[in-house]
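The values are calculated or read from the model by the stated rules, or taken from the named source; none is laboratory data. This structure is a prediction, so every number in the text was calculated from the model and none was measured. All Cβ positions, even for glycine, are placed from backbone atoms using ideal geometry, and neighbour counts span all protein chains on display. Ligands, DNA and RNA are excluded from the accessible area calculation, which covers all protein heavy atoms including side chains. Shrake-Rupley method; radii C 1.70, N 1.55, O 1.52, S 1.80 Å.
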Protein chains: 2
Amino acid sequence: MIIRMDLGAASYDIVMERGCLSRAGQLLNLKRKVMIVTGELVPRIYAEKIAEQCQEPYIHTIPSGESSKCFPVMEELLAAMLEASFTRHDCVCAVGGGVVGDLAGFAASCYMRGIDFYNVPTTVLSQVDSSIGGKTAVNFRGIKNMVGAFWQPKKVLIDPDTLKTLPSRQVSNGLAEALKAGLIADEELFSAFETEDIASAPEQVIEAALAVKKRVVEADERESGLRKILNFGHTIGHGIESVTGLLHGECVALGMIPMCSQEVRTRLIPVLEKLGLPVSVQADPDEVLTAVLHDKKMFSGKITVVKVPAPGNFVMESIMLEELPELIKMVVFK
Amino acid sequence: MIIRMDLGAASYDIVMERGCLSRAGQLLNLKRKVMIVTGELVPRIYAEKIAEQCQEPYIHTIPSGESSKCFPVMEELLAAMLEASFTRHDCVCAVGGGVVGDLAGFAASCYMRGIDFYNVPTTVLSQVDSSIGGKTAVNFRGIKNMVGAFWQPKKVLIDPDTLKTLPSRQVSNGLAEALKAGLIADEELFSAFETEDIASAPEQVIEAALAVKKRVVEADERESGLRKILNFGHTIGHGIESVTGLLHGECVALGMIPMCSQEVRTRLIPVLEKLGLPVSVQADPDEVLTAVLHDKKMFSGKITVVKVPAPGNFVMESIMLEELPELIKMVVFK
């Protein structure tokens with residue numbers, strides 16, 4: 001299955017197909033130098049599978065975890081490309097999760113002012129979320145994704161077979177973003193989570209979530225309007241992520257709860273529980289609040305949040321900062 | 001006079017007008033936070049003139065010289081923006097020469113994945129050269145402009161009055177790039193250098209050189225083809241720049257000499273002498289060669305250079321690396 005992203009000159013295909021990693025040599029232009037960027041915890045075999053199909057492969061492994069999304073780690077990657085005499089006609093290929101994709105994509109966007117980038121996401125989260133949309137970034141001075149670029153990949157390969165090696169907690173972590181897509185824009189997708197055993201066969205849900213994200217990103221590539229709805233659950237979610245050891249999708253799951261109507265929440269909680277996602281967390285609500293304000297760089301009186309009054313529907317709402325503690329307390333307990 | 005850069009969604013105006021700095025408040029959208037980036041050696045009055053027309057100005061001064069084009073100095077600038085709670089709707093305004101513009105532009109391109117950038121070049125070199133084309137960058141591991149972005153400004157203000165404070169060596173330094181434009185694409189412009197006293201009234205020459213660069217950049221925004229002709233004189237020039245203390249334009253002047261036909265060279269030398277630009281330099285030719293190869297990241301046998309067989313005409317020529325020493329020795333003596 002191919003999802004075509006229509007973004008003018010920056011258009012590209014997302015190829016989703018079991019075993020497509022083995023066909024990378026046909027699907028991508030690998031007849032050049034290829035800097036394969038992967039993570040310490042990503043099964044090595046995926047990067048090696050790509051490498052064996054390249055004319056001149058280099059594998060660059062970054063430490064796992066969000067802390068790798070920083071200037072020093074990016075500079076090491078850029079230095080490796082320089083060391084190997086990469087020119088503008090060579091390319092970068094990310095093989096791994098969101099951290100790998102965000103970092104490698106940003107490096108590709110600025111090496112010699114921009115070279116080709118391929119993305120091969122190997123986790124549910126990165127397949128659903130960071131594989132599509134062209135957002136690349138590093139964190140900076142404690143703020144997530146503070147510095148980066150919109151840099152669309154030339155192609156994305158999603159091989160569902162890579163999910164077989166993924167721990168179940170990581171599967172649920174990614175499904176939280178698919179659930180988010182259902183809640184804001186696809187009631188049927190949300191219902192599937194209620195009635196089916198998604199975690200054991202996530203493929204169709206990934207497809208449906210990508211379809212939602214495709215529509216939104218095509219309408220607003222640079223997030224000047226509609227694309228903000230994809231931040232549903234992220235305002236409080238990012239705050240929780242900063243002060244706990246929870247995974248991104250787990251925090252988004254928590255962050256969605258206060259932003260749903262009572263009716264939706266009643267249906268959402270059992271879905272989260274079924275997926276093994278948290279529905280509450282022990283942390284200091286004041287610390288979460290501070291993190292939210294820091295993350296949003298907010299000093300004025302208002303903030304725009306996305307709310308879901310009914311499954312498949314969203315509203316953008318401007319709320320007072322004073323309302324935030326009340327919302328946070330719905331999921332964060334001391 | 002307004003030069004309209006036609007680059008689709010990234011189109012913008014270059015306003016060239018005596019005294020336009022005093023009208024910045026009308027010409028630019030300064031009703032927001034504005035990070036005015038300027039250089040230590042740039043007369044402070046220019047940044048202050050812009051600042052007094054801003055709703056919420058910040059002035060950030062970087063050390064003068066090429067060594068400021070680096071990640072650490074850029075990170076300080078990004079941190080200053082973060083510190084002042086800049087959002088995506090705020091902007092960066094460069095006031096100074098090419099180093100200031102390149103660094104500020106790259107920072108604007110990646111702060112929150114890109115915010116508005118204005119450029120107010122105050123030297124002949126930056127008015128002729130770096131103000132137009134959207135190239136931003138930092139140097140990295142000894143290589144000029146290795147990491148950066150194509151990020152078009154929202155508007156460029158060129159105030160010829162700022163040249164009154166410019167040392168004459170800096171005027172000639174910038175005129176070398178205008179002379180380059182004449183040699184490759186505008187015979188009349190080249191002739192003006194032969195017959196007129198350009199250095200004392202550079203305004204018209206700046207205009208003519210901008211017209212050349214506009215045509216070239218519009219045809220090839222991302223330097224995949226034609227735009228490479230703007231590198232005329234830069235291959236050997238960059239090499240000389242790396243190993244001597246000469247200014248960029250001075251090195252370009254030297255770098256052009258070997259790339260001209262005998263006929264053109266005979267006319268070029270007196271022009272360079274009139275402008276006070278060097279026509280030869282004492283340095284180690286082998287060191288220059290090493291620097292050229294390093295700069296071009298060349299390890300293969302061939303390199304494409306731009307040559308000028310007659311004023312206003314260029315040819316792209318593929319030469320063997322072995323031919324480089326001979327060319328270098330035309331201007332570099334031990």
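Please work out which residue is nearest to B:Met16 (Cα to Cα), limiting yourself to region B:203-259 and to residues that are touching a Leu at 6+ places or on another chain (Cβ under 6 Å) and among the small types (Gly, Ala, Ser).
Restricting to residues being touching a Leu at 6+ places or on another chain (Cβ under 6 Å) and among the small types (Gly, Ala, Ser), the top hit is B:Ala208.
Take region A:19-36 and flag every residue that is among the aliphatic types (A, V, I, L, M), out of contact with any Ser or Thr (no Cβ under 8 Å at 6 or more places or on another chain) and under 24 Å from A:Ile2 (Cβ atoms).
Keep residues of region A:19-36 that are among the aliphatic types (A, V, I, L, M), which gives A:21, A:24, A:27-28, A:30, A:34-36.
Subset that is out of contact with any Ser or Thr (no Cβ under 8 Å at 6 or more places or on another chain): A:24, A:27-28, A:30, A:34-36.
A:Ala24, A:Leu27, A:Leu28, A:Leu30, A:Val34, A:Ile36 - these are the residues of region A:19-36 that are among the aliphatic types (A, V, I, L, M), out of contact with any Ser or Thr (no Cβ under 8 Å at 6 or more places or on another chain) and under 24 Å from A:Ile2 (Cβ atoms).
Just checking, does region B:281-300 include any residue being in the same structural domain as B:Ile198 (by TED's automatic domain parsing), among the aliphatic types (A, V, I, L, M), surrounded by 15 or more Cβ atoms within 10 Å (Cβ to Cβ) and under 29 Å from B:Ser191 (Cα atoms)?
Yes, the conditions are met somewhere in region B:281-300.
Please enumerate the residues belonging to region B:133-142 that are within 7 Å of chain A (Cβ to nearest Cβ) and either open to solvent by less than 10 Å² (accessible area, probe 1.4 Å) or hydrophobic (A, V, I, L, M, F, W, C) (or both).
Residues satisfying the conditions are B:Ala137, B:Phe140.
Can you name every one of the strands (runs of 3 or more DSSP E) wholly within region A:109-228 that holds 3 or more residues which are among the hydrophobic types (A, V, I, L, M, F, W, C)? Please lay out each step first, then the result.
Values: elements: A:116-121, A:135-140, A:143-150, A:155-158.
The qualifying strands (runs of 3 or more DSSP E) are A:135-140, A:143-150, A:155-158.
Write out, first by first residue and then by second, each pair whose Cβ atoms fall under 8 Å of each other, whose residues are 6+ apart or on separate chains, and whose first residue, in region A:34-53, is free of Cβ contacts under 8 Å to residues at least 60 places away in the same chain and at positive phi while the second is surrounded by fewer than 24 Cβ atoms within 10 Å (Cβ to Cβ) and among the basic types (Lys, Arg).
none
What is the residue count in region B:112-132 for residues that are within 12 Å of chain A (Cβ to nearest Cβ) and surrounded by fewer than 22 Cβ atoms within 10 Å (Cβ to Cβ)? Talk me through it step by step, then tell me what you get.
The first filter runs over region B:112-132 and keeps only residues within 12 Å of chain A (Cβ to nearest Cβ), leaving B:112-115.
Going one step further and asking which of them are surrounded by fewer than 22 Cβ atoms within 10 Å (Cβ to Cβ), we end up with B:114.
Number satisfying all stated conditions: 1.
What are the pairs with Cβ atoms under 7 angstrom where one residue, in region A:107-121, is more than 12 Å from A:Cys93 (Cβ to Cβ) and the other, located anywhere, is of a type in the set (D, E, K, R)? Sequence gap at least six, or different chains.
Every condition considered, the pairs that remain are A:Met112/A:Arg88; A:Arg113/B:Lys135.
Can you name the condition, by its number, that B:Lys180 falls short on among (1) over 25 Å from B:Thr266 (Cα atoms); (2) surrounded by 19 or more Cβ atoms within 10 Å (Cβ to Cβ); (3) among the basic types (Lys, Arg)?
The number of the failed condition is (1).
Among what's in region A:143-189 and is of a type in the set (Lys, Arg) and within 13 Å of the chain's Cα centre (by Cα), pick the residue that is farthest from the other protein chains (Cβ to nearest Cβ). Give the derivation first.
Restricting attention to region A:143-189, the residues satisfying the condition of being of a type in the set (Lys, Arg) are A:144, A:154-155, A:164, A:169, A:180.
Filter once more, so that each one left must be within 13 Å of the chain's Cα centre (by Cα): A:144, A:180.
On the way: A:Lys144: 11, A:Lys180: 21 Å.
Among those that are of a type in the set (Lys, Arg) and within 13 Å of the chain's Cα centre (by Cα), it is A:Lys180.
Based on this model, can you work out whether A:Ser172 counts as under 19 Å from A:Val279 (Cβ atoms) and modelled with pLDDT of 95 or more? Explain how you work it out, then say what you get.
Values: under 19 Å from A:Val279 (Cβ atoms): yes; modelled with pLDDT of 95 or more: yes.
For A:Ser172, the condition - under 19 Å from A:Val279 (Cβ atoms) and modelled with pLDDT of 95 or more - is met.
So for region A:195-210 (the condition being touching a strand residue (DSSP E or B) at 6+ places or on another chain (Cβ under 7 Å), open to solvent by 50 Å² or more (accessible area, probe 1.4 Å) and farther than 24 Å from A:Ile319 by Cα), does at least one residue qualify?
yes
Can you pull out the residues in region A:116-134 that are more than 16 Å from A:Leu179 (Cα to Cα) and either at pLDDT 95 or above or in contact with a strand residue (DSSP E or B) (Cβ under 6 Å, 6 or more places away or on another chain) (or both)?
Hits for region A:116-134 are A:Asp116, A:Phe117, A:Tyr118, A:Asn119, A:Val120, A:Pro121, A:Thr122, A:Ser131, A:Gly134.
Table: residues versus (1) surrounded by 16 or more Cβ atoms within 10 Å (Cβ to Cβ); (2) within 14 Å of chain B (Cβ to nearest Cβ); (3) touching a Phe, Trp or Tyr at 6+ places or on another chain (Cβ under 6 Å).
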position: A:Ile62; (1), (2), (3): yes, no, no
position: A:Gly65; (1), (2), (3): no, no, no
position: A:Cys70; (1), (2), (3): no, yes, no
position: A:Met74; (1), (2), (3): yes, yes, no
position: A:Met81; (1), (2), (3): yes, yes, yes
position: A:Arg88; (1), (2), (3): no, yes, no
position: A:Cys91; (1), (2), (3): yes, no, no
position: A:Ala94; (1), (2), (3): yes, no, no
position: A:Val100; (1), (2), (3): yes, no, no
